[in-house]
Amino acid sequence: MGISIDSRFANGAWAEQLGGISFPLLCDFYPHGAVAQAYGVLKPEGFAERAIFIIDKSGTIRYVDVHEGSEQPDEEQIFEELAKLG
């Protein structure tokens, strides 16, 4: 699943722009950024850093990628990490 601090309307527009997505996209809009804050990626200015957390079925964080919003994540690395989950 994906989680964003944007509104459900912004998330819907983003998913549509991508041509649809095959996973649930959740909204961390209210209380604003509660999930982002719990994971330590909510900035004091009220927006989240671009972060990817891969969490296995038992709830263990297996991979973390945090970077500036202007940087794109390494998709190949993400898919490699996901493949490790089997």
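Any read-out appearing in this document is the output of simple, stated calculations on the displayed coordinates, not a laboratory observation. Note that the coordinates shown come from a computational prediction; the quantities given were computed from them, not determined experimentally.
Å³ per residue of the Cα convex hull, for segment 1-48?
About 70 Å³ per residue, rounded to a whole number.
Apply the Karplus curve 6.51 cos²θ - 1.76 cosθ + 1.60, θ = phi - 60°, to the phi angles in segment 50-58 and return the couplings in whole Hz, x for Gly and Pro.
Once θ is set to phi - 60°, the couplings for segment 50-58 become 6, 9, 10, 10, 9, 10, 7, 4, 8 Hz.
Spelling out what I want: for every residue of segment 66-82, take phi, set θ = phi - 60°, compute 6.51 cos²θ - 1.76 cosθ + 1.60 (Karplus), and round to whole Hz; glycine and proline get x.
10, 8, 4, x, 7, 8, 8, x, 7, 4, 4, 5, 4, 5, 4, 5, 5
Please give the direction-averaged projected area of the C-alpha convex hull for the chain, in square nanometres with one decimal.
Over every viewing direction, the Cα hull of the chain projects on average to 6.2 nm².
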